[in-house]
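I have placed the structure first, in the form of structure tokens, so that the comments after it can refer back to it.
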Amino acid sequence: MNIETSKQLFERAQQSIPGGVNSPVRAFKSVGGTPLFIKKAKGAYLYDVDDNKYIDYIASWGPMILGHAYEPVIKAIKEYVEYSTSYGAPTELEIKMAELIKSMVPNVDLIRMVSSGTEACMSAIRVARGYTGKNKIIKFEGCYHGHADSFLVKAGSGVATFNIQTVPGVTAGVSNDTLTCAYNDLAAVEKLIAENKNEIAAIIIEPVAGNMGCILPKPGFLEGLRKICDDEKIVFIFDEVMNGFRLALGGAQEKLKIDADLVTYGKVIGAGMPVGAFGGKKHIMEVVAPLGNVYQAGTLSGNPIAMIAGYTLLSILKEQPQLLKELNDKTIYLKNGLNEVFKSSGKPYVINHFGSMLSIHFSDHEVTDFTTAASANNDLFKKYFHAMLKRGVYLPPSAFESWFLNNALSKEDLDYTITATKESLKEI
Ligand SMILES: *Cc1c(COP(=O)(O)O)cnc(C)c1O
């Protein structure tokens, strides 16, 4: 495979961009090698600057749920971009977007648009603090809620990939207000709460975690957290930046039948444009300015091009519910196929899967939290990643990231991926 142009661009990029990339995981640091520079994408395929074609299992980390350059979204963007790219004043589109989300997520009464998942999560905890008058929050080891100061404590995704334990640049004061527990460990949460009685403003969680690979909540875990939050007057925040509009139209809340108090969105909600959102129950969201006095703002929030892109995608997902079902069925098909070839390879492996999220850990024990994810064989993962890339399959470049399937993947693509895995496993 010739990747000369990518190599040259990566060299050049490092002269003017920290590490050559604008988001760390893109640098391929944990798997080694040269990150591919992408020229274009269509459907399930990415094309790099050397004209190599790849089957894509990242989907821009989620948003491209119906495939890249999805016609209706591209058409809508083209139409709206003619009107101008931003006004700094309200538009009807923002109302339509909010109404559409409310129609899909029953317990969202009010929702505020922002420009990233990070902004959504940091705003949600500010709201929780303002609403409860308490300061501390609980998050779970290996969960990633964006790069705001409060969340960079035992975070997943790139923070885990690069093994960054404490983050220079975050004050001790901020870090001390973030308490952490192991995912799926309800007793640890109860203990923390007892030790910090009446001090916890919020518990924030990825209901199905995707930033330490894909990790499922054990039965009763989220229910238990819900009860604790009710008993202790803690705001329960679902970070659905990955899960939202992917696991179901109503996200993890619908799929797992649990009501959060606040919910955050990103990724799919913007169809590949920079969009995030936080919303929830009226009595809580009413503290947000200008209605209340918890300040939150954004020059480009509710940007019209971003809104029409997201609105178009979400409308289609709502009008054609079979799309999500097809996507979930494809994921099961892939999982079953991978299971077969992994089993016959004799290598230790765990495939975790929920909806259209999936991940592989080279491990001989269950992967249920960050510790078990981190103890898997990362060296084998690296080799597997490169063996697949060589065969034209683009997987997330870290075992701490989930695969995101998109509905443009054909049965042939999935079969090819299974065969490529079989060959790769022989090689590594
Ligand atoms: C990606 C992600 C974020 C951060 O979103 P950005 O748009 O990258 O700021 C937050 N929470 C979860 C669960 C995510 O996966």
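Numerical summary
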{"item": "Hey, LEU317 open to solvent by 10 Å² or more (accessible area, probe 1.4 Å), within 19 Å of LYS255 (Cα to Cα) and in contact with a helix residue (DSSP H, G or I) (Cβ under 8 Å, 6 or more places away or on another chain) or not", "result": "no"}
{"item": "Condition check for ILE125: farther than 22 Å from LEU314 by Cβ and touching a residue at least 60 places away in the same chain (Cβ under 8 Å)", "result": "yes"}
{"item": "Residue count, region 96-120 (criterion: open to solvent by less than 10 Å² (accessible area, probe 1.4 Å) and assigned to a strand (DSSP E or B))", "result": "1"}
{"item": "Residue among GLU340, GLU412 that is more than 24 Å from LYS53 (Cα to Cα) and part of a helix (DSSP H, G or I)", "result": "GLU340"}
{"item": "Filter result (farther than 18 Å from THR371 by Cα and more than 8 Å from the ligand (Cβ to nearest atom)) within region 138-150", "result": "ALA148, ASP149, SER150"}
{"item": "Residue within region 123-131 that is open to solvent by 40 Å² or more (accessible area, probe 1.4 Å) and under 21 Å from GLU401 (Cα atoms) present", "result": "no"}
{"item": "Some residue of region 203-214 being open to solvent by 10 Å² or more (accessible area, probe 1.4 Å) and either more than 16 Å from the ligand (Cβ to nearest atom) or at negative phi (or both)", "result": "no"}
{"item": "Selected residue [away from the ligand (no atom under 16 Å from the Cβ) and of a type in the set (Gly, Ala, Ser)] from SER23, SER60, SER30", "result": "SER30"}
{"item": "Boolean, GLN296 is touching a residue at least 60 places away in the same chain (Cβ under 8 Å), within 16 Å of the ligand (Cβ to nearest atom) and closer than 22 Å to PHE354 by Cβ", "result": "no"}
{"item": "Close pairs (6 angstrom Cβ cut-off, 6 or more residues apart or separate chains): under 27 Å from HIS147 (Cα atoms) in region 1-25, of a type in the set (A, V, I, L, M) and in a helix (DSSP H, G or I) anywhere", "result": "GLY19/ALA27; GLY20/ALA13; VAL21/ALA27"}
{"item": "Scope region 393-428; condition small (Gly, Ala, Ser) and open to solvent by less than 10 Å² (accessible area, probe 1.4 Å); matching residues", "result": "SER398, SER402, ALA420, SER424"}
{"item": "Verdict on TYR311 being of a type in the set (Ser, Thr, Tyr), assigned to a helix (DSSP H, G or I), in contact (Cβ under 8 Å) with a residue 24 or more places away in the chain and buried (at least 20 other Cβ atoms within 10 Å of the Cβ)", "result": "yes"}
{"item": "Qualifying residue in region 252-266 (condition: modelled with pLDDT of 95 or more, over 20 Å from the mean Cα position of the chain (by Cα) and buried (at least 17 other Cβ atoms within 10 Å of the Cβ))", "result": "no"}
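The values are calculated or read from the model by the stated rules, or taken from the named source; none is laboratory data. Note that the structure is a prediction, hence the values are computed from the model and not measured. We place every Cβ from the backbone using ideal geometry, glycine too, and count neighbours over all the protein chains shown. Accessible surface areas use protein heavy atoms only, side chains included; no ligands, DNA or RNA. Shrake-Rupley method; radii C 1.70, N 1.55, O 1.52, S 1.80 Å.
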